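Below: one structure, written as structure tokens.
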Amino acid sequence: MRRAELDLSDLTSQAVDNLVTQFASHLDFYRELIQNSIDAGSTTIDAWMEFIPGEEDQGTIAIHVDDSGDGMTEAIIDGQLTKLFSSQKEGDLTKIGKFGIGFVSVFACKPKAVLVHTGRDGECWEVCFDADRSFVKTRLETPVDGTQITLFLAGDRGRYNELVTASRATLKRWCSHSDVEVTFEDRSRIDGGQIEAINEPFTVAGDPSILVEVDGIAITAAYSAAPVYGFYNKGLALAVSSDAAATLGELAPRFEHVAFKVKSHHFEHTLSRDTVVRNDSYRRMMGLVSEAVAGALQDALVAEISALVAAKGWGLPEVSRYDRLIGALAREPAAEVARHAQAPLLRTLDGAPLTLAQVERAIHGDRLYLSDARSPVIDYLMKDGVAVIFARAPADEGGQEAFGAVGRLLIGYLAQTRLGGGERWAEFAQMLASPDRALFAVDVESPRDPEIDALIADAARLLAALPEAMAEVPRARLPGLRGRIGLREGRPPRPTYRRVVGARLVLGAEVGPLAVFAPTIGRYMARGSRRRGFGLNLNLSGVEAAVNVDHPQVEALARLRAREPALAAYCLAKDLLLADDRGDGLDEALLRAALPGIRGASRAKETV
């Protein structure tokens, strides 16, 4: 038996201190010792702890790491265990470690002593390190199977319990996917300790998830809202991080919604143990991960969405799951999503499946309608065979964001497949519309309201009397409408109304505007400016006006007509011009056309 100093070669004690403190956690020595045990060929590794009571509340905490590997001879102890940077593993892909400094990590937790028992080729040795890293090497007569390392730390029962919890978590972090069996046991547990398996299936949290193997390389991946990225050699974690930018560099945007773990004996860790070396092997591995995500994982996602779309009787759980799954697909590159054009990824509001390829046929005019709830106008559309696609999103937002993930998916697909591609992204975004915000249904009401019909007919005659105007005066009725008619520019200086009708805007209980205007009054009319047209072929030399017979102003003017018919007609005609943004400069002509009737009514009253 002799006492010696740890051979530092040409390194200073400060350099050793730097190596000791490089580890993120003082318990990372578990990773380093287990790595060495795997390299030594051990098939099982047992980590266990015990509390040895001392005086008063203090005691000794013993941490053991035992393996059944090859062990060490005296030559290995002298040449590697006690000598830094003398690893014989370089170039051997069956070994994980590369720097021969893993054992130094045991000093990060400031132990009172470290005891090593090891045996190989008929030699058995004990090496005992003091806190100052000096050691005593003793040959043993009793046999030793593999290597057993014990750290002795000062502490009370409270610290012991904290270290038990932290040790278990550390082993789970670094060794849960180890190729060899790793166990942990708290032998001083009051209610009796039990051996715990550290190993877990090689999976990653998320939905859906896959596991693929290519040339001995294992890849597991899943869509996740909080992805984690793990790199493993022989199942031992070399780097695990949730920081996409720091971990993946330029590849980070592709995996911001995808968690993955990849296991390969080609991975190497850096000296600081905080990431893997980004060499040619790393780049090849990441290429395989990208292929797995774009292939098997995306296929699994599409299969689950398709099955969900086909399910009957959607409730809140189905809607929430669909939102989550379609949100993952919407974040995939549009070029990759396009290959799933024949899969039923969408669902109409009446429960029918819809593929991306069928979206083109679902376009009505130049609009694609989306909503998350039925309404009168949506019922009108669906009755006429117009598809309204289910989509949920925050309210009061415009463009594609108004329809959340479904909107992003549709715009990406249209931009990918239609002429112009990504350069026309904004244009395609304008195609998405909520029926309740873009359309109203026009319903001609019968029986007719005589007073309102007469009022509209009188106003139409006044408008027809204006310069360059002609009028043919049928009537109809229109209920409810949110929003307002947009302003237009470049219109003719004088109005030409081919038709003025009374109509009901079918939108439930909403009142809507006084009137709306279009080249032709039809079953559906667009909110907003007629110049934008919703695919209509506009001819601004003549338009048709639909008067909302449910509007309070119309009802008030109908009552006025009983006393002042000419004045009521003038007021309605004036209101229509203002609603159509054509009132400037026409008031004098309109008043001149209405004045004889107003004067005639006044004379009749005077005569009476």
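Derivation of every value follows stated rules applied to the coordinates shown; laboratory data play no part. What you see is a predicted model; the values in this text were computed from it and never measured. Because the Cβ atoms are built from the backbone with ideal geometry, glycine has one as well, and the counts that use them run over all protein chains shown.
Couple of notes before you dig in:
- Where only C-alpha atoms are counted, convex hull volume of the range 217-345 per residue in Å³: 108 Å³
- Computed from label points 7 Å out along Cα-Cβ, the spacing between Glu256 and Ser306 is 2.9 nm.
- For Asp366, residues with placed amide H under 5 Å, excluding near neighbours: Gly535
- Over 30 Å (Cα to Cα) - which of Lys112/Lys261; Lys83/Lys110; Lys137/Lys234; Lys83/Lys112; Lys312/Lys383 fall in this group: Lys112/Lys261; Lys137/Lys234
- Theoretical FRET efficiency, 1/(1+(r/R0)^6), r = Cβ-Cβ of Arg187 and Ser241, R0 41 Å, to 0.05: 0.80
- Placing dummy labels 7 Å off each Cα toward the beta-carbon, the span from Gln194 to His266 is 4.2 nm.
- GluC sites (Glu not before Pro) lying in DSSP loop within the range 190-282, provided at most 14 other Cβ fall within 10 Å: Glu256
- Gain upon complete extension [Ala169, Val511; 0.36 nm per residue less C-alpha separation]: 116.8 nm
- For the range 218-228, putting each phi into the Karplus relation 6.51 cos²θ - 1.76 cosθ + 1.60 with θ = phi - 60° gives couplings of 9, 10, 10, 8, 7, 7, 8, 6, 9, x, 10 Hz, in residue order, rounded to whole numbers and with x for Gly and Pro.
- Each residue of the range 240-256 was assigned a 3J(HN,Hα) from its phi angle through the Karplus expression (A = 6.51, B = -1.76, C = 1.60, θ = phi - 60°), giving 9, 8, 9, 8, 5, 4, 6, 7, 10, x, 5, 7, 3, x, 5, 10, 5 Hz with x at Gly and Pro.
- HN-Hα J in Hz across the range 194-202 - Karplus 6.51, -1.76, 1.60, θ = phi - 60°, x for Gly and Pro: 9, 6, 10, 7, 7, 5, 10, x, 7
- Available extension along the chain between Leu316 and Ser290 is 6.0 nm, counting 0.36 nm per residue and deducting the alpha carbon span.
- For Asp443, residues with placed amide H under 5 Å, excluding near neighbours: Arg477, Arg504, Val506
- Between Ala357 and Asp215, the FRET efficiency from the beta-carbon distance, with R0 = 41 Å, is close to 0.70.
- Multiplying the residue separation of Thr44 and Arg563 by 0.36 nm and subtracting their alpha-carbon distance yields 176.6 nm.
- Amide H within-cut-off set for Asp179, under 5 Å, with H built and near neighbours excluded: Gly235, Leu236
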